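This report refers to the structure that appears directly beneath it.
The values are calculated or read from the model by the stated rules, or taken from the named source; none is laboratory data. A quick note: this is a predicted structure, and the numbers were derived from the prediction, not measured. Cβ sites come from the backbone with ideal geometry, for glycine too, and all protein chains shown count toward neighbours.
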């Protein structure tokens with residue numbers, strides 16, 4: 001393989017690997033949307049809150065596992081409160097009203113997180129270094145970061161796990177029923193409260209893991225919230241209600257963004273990744289508004 | 001219905017030829033052809049789900065039929081979209097109400113005057129005399145309609161707060177405001193009591209009689225249909241099963257079967 | 001209520017007169033220091049103008065468009081470049097042209113609204129925010145190759161007189177915002193506003209009445225970004241008195257969104273109420289922080305609390321009063337002066 005091609009491959013792989021992380025963040029949104037048809041704009045802030053709480057708890061002395069479990073419990077509590085205080089009172093309101101409320105929730109959570117844990121950037125050491133894996137570098141002449149690879153594997157595992165749950169378990173079926181028609185689902189005996197609790201807990205876990213992966217790469221800091229905004233184009237391209245869509249769209253966005261940045265970036269001074277995903281989303285919207293795997297919306301008059 | 005008409009029934013203003021409409025795998029309308037003559041009151045009847053509203057949506061450009069053509073006074077329109085159709089003299093009301101919920105009754109009806117508003121936003125923004133004069137004229141016209149429909153007492157109320165029957169009236173008023181030559185009404189009397197229905201019939205007939213507006217009417221109440229329509233087309237399962245004057249249609253076996261629910265094969 | 005002149009009623013004239021007297025005659029005499037002009041009144045006017053723009057597109061036309069700050073940036077940098085490169089250009093001409101340039105971007109990034117709505121449109125419009133600010137930052141030409149990161153803007157010169165005092169800046173901004181507000185009032189009360197609201201409430205029905213969705217939506221985007229562009233130019237020239245792309249961040253876009261939502265969607269006076277709140281509340285918090293807690297509270301905690309309050313208020317309003325502060329104000333006014341025929345929107 002020529003050096004040029006090798007380099008291109010490296011860029012694509014690195015892009016896709018970081019793309020899986022976008023997918024992981026997007027997964028949190030998809031979970032909530034899939035089971036309640038609500039778009040939780042605050043999911044990004046939840047990623048931030050989750051990982052900062054985790055790191056903060058460790059700083060306070062808790063060992064890794066205890067901090068992890070404690071944070072998960074915290075996220076479950078957060079989910080419960082969100083459902084009870086924000087989403088339930090707005091059940092029959094318009095989509096826009098709920099969206100605005102979740103934007104407000106996001107803001108609240110950001111402020112709350114910073115008030116409690118402060119604004120300094122923190123490091124998160126997961127034991128894996130952001131360094132090219134020697135074996136692959138030597139044999140395939142590709143420089144792929146170990147951290148990227150681990151993060152990708154974790155992301156893929158979670159995505160696979162959640163897909164299986166949705167497809168093959170009773171809980172998953174219940175979730176899909178609730179998303180389609182909460183009234184009908186509850187009238188045939190599906191325990192809405194339990195289902196929603198499960199969903200929010202899952203979204204919380206996803207948020208924490210996503211935050212940890214990103215935090216390990218780039219430090220745990222406020223910029224994570226802007227990152228979460230990047231998940232939005234991924235959702236558009238993949239479809240708001242599709243888990244596989246989140247995965248594939250994440251890969252596409254990650255790879256394209258990296259390619260554009262590496263090859264076009266030098267010509268314009270960099271920063272293309274700031275807006276490229278959004279422009280991609282616009283192009284997708286023009287040709288396939290419902291996303292790759294989303295549900296087509298037919299309006300009946 | 002055959003007393004000397006001020007506006008004698010004329011040539012076809014609307015012709016549907018072999019219209020078919022599908023949603024995915026579901027066939028909503030199959031090979032429908034019929035016409036509407038100028039100045040007539042044409043009723044479309046049929047059991048629920050027969051495709052009546054979908055038909056109106058095809059005429060008005062909301063749905064695009066996969067097959068067939070629609071002629072407006074003999075012409076095929078290049079790009080059938082709702083506002084193009086509106087520009088060609090067709091207005092309508094909707095089965096499930098499509099009012100502008102956050103605007104007042106008068107403002108809703110004023111939107112019906114869009115086709116009679118030529119001021120651009122510069123003229124409106126700077127309050128130029130042309131825009132103000134036009135606005136005043138349009139408001140006067142709408143006040144006339146409000147008076148005609150006897151809803152003066154609620155003209156500034158937000159429509160979302162009104163009763164269903166009143167909302168139906170407002171929607172009728174909005175369609176009237178367009179001064180369209182063809183008015184398509186989708187169940188304009190649904191949810192009204194006898195008194196209100198009689199009133200609505202009176203309004204519809206008056207508009208048809210005194211202004212000559214061609215009316216296409218989807219209606220479930222047989223009494224109303226027999227009373228006020230000139231011709232009726234009957235749909236069932238997306239197909240035409242009857243087409244003619246009320247008496248003919250009323251005694252057609254196919255129609256009787258459809259309404260009494262004879263088994264369909 | 002019958003309009004007397006343009007779309008203005010007798011009540012409007014009284015309100016206008018009172019507001020103008022207060023703004024022009026009273027305020028300059030009671031304002032203790034120029035701090036008030038610089039930090040409160042001038043940004044109040046600039047942000048309100050941007051809020052008006054957002055109100056037009058979100059509140060009146062129902063298009064969920066974020067990214068006001070991007071159009072503000074376009075307007076600000078356009079004004080800077082026009083004054084820089086067109087010798088002797090009158091300030092007002094540069095200002096208006098900047099508005100048109102922002103408009104052009106508005107129409108471009110408004111195109112997705114012809115195909116999508118809701119959250120999809122919101123994400124698409126975020127593109128304008130990131131792209132415009134990036135473009136201005138990356139291409140040195142816009143910044144006149146200034147590498148310092150913060151550019152000082154030129155002095156505003158009107159009829160050969162440079163404007164330097166805060167009072168002058170205040171009066172200039174006041175004048176411009178007043179005129180644009182009056183125009184906005186005419187628009188929303190006239191046929192243009194009704195078309196916008198029809199598109200917002202039931203676009204299929206609007207189309208069936210002859211409204212062209214394409215023309216109406218793009219027109220709304222054009223006008224709304226015109227307002228944001230002018231607001232941005234004023235923001236840079238009279239408030240910040242400097243230009244840096246970072247000032248037009250997504251945070252600013254969200255601030256303006258909050259103004260419109262908390263103030264009340266679909267109302268003009270809601271914009272001013274919302275802006276007043278967004279500006280004054282942090283001041284209040286600061287006072288509480290210093291006076292009540294005697295400076296023991298960290299500045300970052302204060303700004304975090306600020307964020308929490310705005311977020312919480314958003315949730316509370318959406319649950320209890322989705323029509324915003326303008327509705328609360330209207331209800332209060334009705335209690336004191338009940339009127340049989342209130343306007344639904346102003």
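Are any of the residues in the stretch C:27-44 farther than 17 Å from residue C:279 by Cα, touching a residue at least 60 places away in the same chain (Cβ under 8 Å) and assigned to a loop (DSSP other than H, G, I, E, B)? No, there is no match, as no residue in the stretch C:27-44 is farther than 17 Å from residue C:279 by Cα, touching a residue at least 60 places away in the same chain (Cβ under 8 Å) and assigned to a loop (DSSP other than H, G, I, E, B). Just one of (1) surrounded by 24 or more Cβ atoms within 10 Å (Cβ to Cβ); (2) modelled with pLDDT under 95 fails for residue C:84. It is (1). When every residue of the stretch C:279-291 is checked against the conditions, at least one turns out to be buried (at least 18 other Cβ atoms within 10 Å of the Cβ), under 16 Å from the mean Cα position of the chain (by Cα) and away from chain B (no Cβ under 14 Å).
You will find that of C:273, C:261, C:268, the residue that is buried (at least 16 other Cβ atoms within 10 Å of the Cβ) and within 12 Å of another protein chain (Cβ to nearest Cβ) is C:261 and no other.
Once the stretch A:94-109 is narrowed to residues that are facing another protein chain (nearest Cβ under 7 Å) and surrounded by fewer than 22 Cβ atoms within 10 Å (Cβ to Cβ), the residue that is nearest to the chain's Cα centre (by Cα) is A:99. Just one residue in the set C:251, C:291 is modelled with pLDDT under 90, outside any loop (DSSP other than H, G, I, E, B) and under 30 Å from residue C:145 (Cβ atoms); that residue is C:251. Residue C:115 meets all of the listed conditions (1) within 14 Å of chain A (Cβ to nearest Cβ); (2) crowded, with 24+ Cβ neighbours inside 10 Å but one, namely (2).
Condition check ((1) more than 9 Å from every other protein chain (Cβ to nearest Cβ); (2) without any contact (Cβ under 8 Å) to a residue 12 or more places away in the chain; (3) closer than 30 Å to residue B:228 by Cα) across all residues:
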| position | (1), (2), (3) |
| --- | --- |
| B:112 | no, no, yes |
| B:115 | no, no, yes |
| B:119 | no, no, no |
| B:172 | yes, no, yes |
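Scanning the stretch A:55-66 for residues that are crowded, with 23+ Cβ neighbours inside 10 Å and assigned to a helix (DSSP H, G or I) turns up nothing. Among the residues of the stretch C:1-19, what is the count of those that are within 14 Å of chain B (Cβ to nearest Cβ), loosely packed, with under 14 Cβ neighbours inside 10 Å and outside any strand (DSSP E or B)? Summing the residues that are within 14 Å of chain B (Cβ to nearest Cβ), loosely packed, with under 14 Cβ neighbours inside 10 Å and outside any strand (DSSP E or B) in the stretch C:1-19 gives 4.
The criterion of being surrounded by 24 or more Cβ atoms within 10 Å (Cβ to Cβ), out of contact with any helix residue (DSSP H, G or I) (no Cβ under 6 Å at 6 or more places or on another chain) and within 7 Å of chain B (Cβ to nearest Cβ) does not hold for residue C:198.
A quick yes/no check of all residues on (1) surrounded by fewer than 24 Cβ atoms within 10 Å (Cβ to Cβ); (2) in contact (Cβ under 8 Å) with a residue 60 or more places away in the chain; (3) out of contact with any strand residue (DSSP E or B) (no Cβ under 6 Å at 6 or more places or on another chain); (4) farther than 26 Å from residue A:70 by Cα:
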site	(1), (2), (3), (4)
A:192	yes, no, yes, no
A:212	yes, yes, yes, no
A:229	yes, yes, yes, yes
A:233	no, no, yes, yes
A:247	no, yes, yes, yes
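Restricting B:35, B:60 to residues that are modelled with pLDDT of 90 or more and within 13 Å of another protein chain (Cβ to nearest Cβ) narrows the list to B:60. Inspect all residues belonging to the stretch B:95-110 and state whether any of them is away from chain C (no Cβ under 13 Å), closer than 19 Å to residue B:218 by Cα and surrounded by fewer than 21 Cβ atoms within 10 Å (Cβ to Cβ). Checking the stretch B:95-110: not a single residue is away from chain C (no Cβ under 13 Å), closer than 19 Å to residue B:218 by Cα and surrounded by fewer than 21 Cβ atoms within 10 Å (Cβ to Cβ). Only a single criterion out of (1) outside the structural domain of residue B:233 (by TED's automatic domain parsing); (2) in contact with a strand residue (DSSP E or B) (Cβ under 9 Å, 6 or more places away or on another chain) is not satisfied by residue B:37, namely (1). Once the stretch B:39-57 is narrowed to residues that are part of a helix (DSSP H, G or I) and closer than 18 Å to residue B:89 by Cα, the residue that is farthest from the other protein chains (Cβ to nearest Cβ) is B:55. Tell me, yes or no, whether the stretch C:182-191 has at least one residue that is under 30 Å from residue B:87 (Cβ atoms), without any contact (Cβ under 8 Å) to a residue 24 or more places away in the chain and crowded, with 21+ Cβ neighbours inside 10 Å. So far as the stretch C:182-191 goes, yes, one or more of its residues are under 30 Å from residue B:87 (Cβ atoms), without any contact (Cβ under 8 Å) to a residue 24 or more places away in the chain and crowded, with 21+ Cβ neighbours inside 10 Å.
All conditions but one from (1) within 14 Å of chain C (Cβ to nearest Cβ); (2) in contact (Cβ under 8 Å) with a residue 40 or more places away in the chain; (3) under 20 Å from residue A:208 (Cβ atoms) apply to residue A:81; the one that does not is (2). Return the residue satisfying two criteria in turn: it lies in the stretch B:121-136 and is within 7 Å of chain C (Cβ to nearest Cβ) and over 11 Å from residue C:187 (Cβ atoms), and of such residues it is surrounded by the most Cβ atoms within 10 Å (Cβ to Cβ). For the stretch B:121-136, the residue satisfying everything is B:135. If the requirement is being away from every other protein chain (no Cβ under 14 Å), assigned to a strand (DSSP E or B) and crowded, with 22+ Cβ neighbours inside 10 Å, which of these qualifies: B:70, B:19? After applying the criteria, what remains is B:19.
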